[in-house]
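Just so you know, all these numbers are worked out from the coordinates, no wet-lab data involved. Keep in mind that this is a model prediction, so the values were computed, not measured. As a convention, Cβ positions derive from the backbone with ideal geometry for all residues, glycine included, and neighbour counts pool all protein chains shown.
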Ligand code: PHE
């Protein structure tokens, strides 16, 4: 029986060693320890062994069982760790790692920056948590002015600054206008300010956090045609040559005159459809910088003039790609994001 046990051990080791899947390993287990397995058969023969030798053989059987079980265990963890007993096939094609891409908003920011860079605008960034002074006061919106209601502002619970007032989450990128004038001091100024903005609103075309890009140009003899020419250039580059812009009279406290900028609808190309109704979609606000704002930035409005515009990036993307609901941009659904 000694000899048979030794043979069983050698055989078992070899079988376990050659197995490549856990399923095959289960099979080997059955072949050894199953009802009519090799080991089971051997234990059944213990009865025929002379009584005096039985304890010794019994002990050997136990040891053999332990050893085989250890082998099985080791093999099982090796297999589940992905290591196979056969050498790696170095000619097999590698597994491709899925590579993502920039989010739609980041892609748009890159494109917008590169378009305005060619017109000499340089990218600046100004605080996301801003003083009332820069977000409203210096933009010709004194405290309690009803115009402030248009910017449904989030306020920060903090001690107000004696001169700059409360802290807010900036509701627009126009907070950068006076900051930029104070930074540059002497025009020309060509600023592009891209930042996260916050307003208390959420629906199909609004998210409480969104992005705006703001342009500010201040120099001698700047007039409305300069503003219109800049918008035409941007529209052609960003939306394509078949889209055109128009200025519609509007009112902002910090620009005079003020305009809303419209672009022909990308679905009907200006003919009028159920998305746009009139053939035009609204890009955002603009106008000639108000003399009071220039003065707040320590620039003489008798010598210099300028224009400014502030447009929402999510809106602009929606107008290019015809996304119906801008909230989709922030749901992080890979099935949506993968399409761009
Ligand atoms: N800040 C304005 C808004 O958020 C847009 C704007 C910017 C208008 C610059 C005029 C000039 O709606």
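Observations on the structure shown:
- Viscosity 0.890 mPa s, temperature 25 °C, Stokes-Einstein D of the stretch 228-277 from Kirkwood C-alpha radius, µm²/s: 205 µm²/s
- Expected 222 nm ellipticity per residue - DSSP helices of 4 or more, -39500 (n - 2.57), all of the chain, to 500: -11500 deg cm²/dmol
- The stretch 21-89 and the stretch 182-230 have Cα centres separated by 77 Å.
- Our estimate of slack between residue 250 and residue 186, defined as 0.36 nm per intervening residue step minus the Cα-Cα distance, is 20.1 nm.
- Per-residue Cβ neighbour rank within 10 angstrom, fewest leading, 258, 286, 278, 52: 52, 278, 258, 286
- Label-point gap, in nm, between residue 340 and residue 31 - each point 7 angstrom along Cα→Cβ: 5.8 nm
- Compared with the dominant principal axis of the Cα atoms in the chain, helix 2-18 is inclined by about 20°.
- Cα shape, the stretch 260-340, gyration tensor, a/c 1.5 rule: oblate
- Distance between the pseudo-spin-label points of residue 143 and residue 95 (7 Å out from Cα toward the beta carbon): 6.3 nm.
- Cβ-Cβ distance of residue 156 and residue 302, R₀ of 25 Å, FRET efficiency by 1/(1 + (r/R0)^6): the value works out to about 0.10.
- Global geometry of the stretch 160-269, whether rounded, prolate or oblate, following the gyration tensor of its Cα atoms and the 1.5 cut on a/c: oblate
- All Cα-Cα separations within the stretch 2-80 were binned at 5 Å from zero, giving a P(r) of 3, 15, 27, 23, 15, 9, 5, 2, 1, each value a whole percent of the pairs.
- The stretch between residue 122 and residue 77, if pulled fully straight at 0.36 nm per residue, gains 10.3 nm over its current Cα-Cα span.
- Annotation for residue 11 and residue 163: the two label points, set 7 Å from Cα along the Cα-Cβ direction, are 9.6 nm apart.
- Gyration tensor verdict on the stretch 1-150 (Cα atoms; rounded if a/c is under 1.5, prolate if a/b is larger than b/c, oblate otherwise): prolate
- Dimensionless Rg ratio for the chain, taking C-alpha atoms and the 2.2 N^0.38 Å reference: 1.85
- Computed E for residue 223/residue 113 - FRET, C-beta separation, R0 35 angstrom, nearest 0.05: 0.85
- Packing-based exposure ordering (other Cβ within 10 Å, fewest first) of 200, 15: 200, 15
- What the Cβ-Cβ distance of residue 67 and residue 23 gives, at R0 = 35 Å and to the nearest 0.05, is a FRET efficiency of 0.95.
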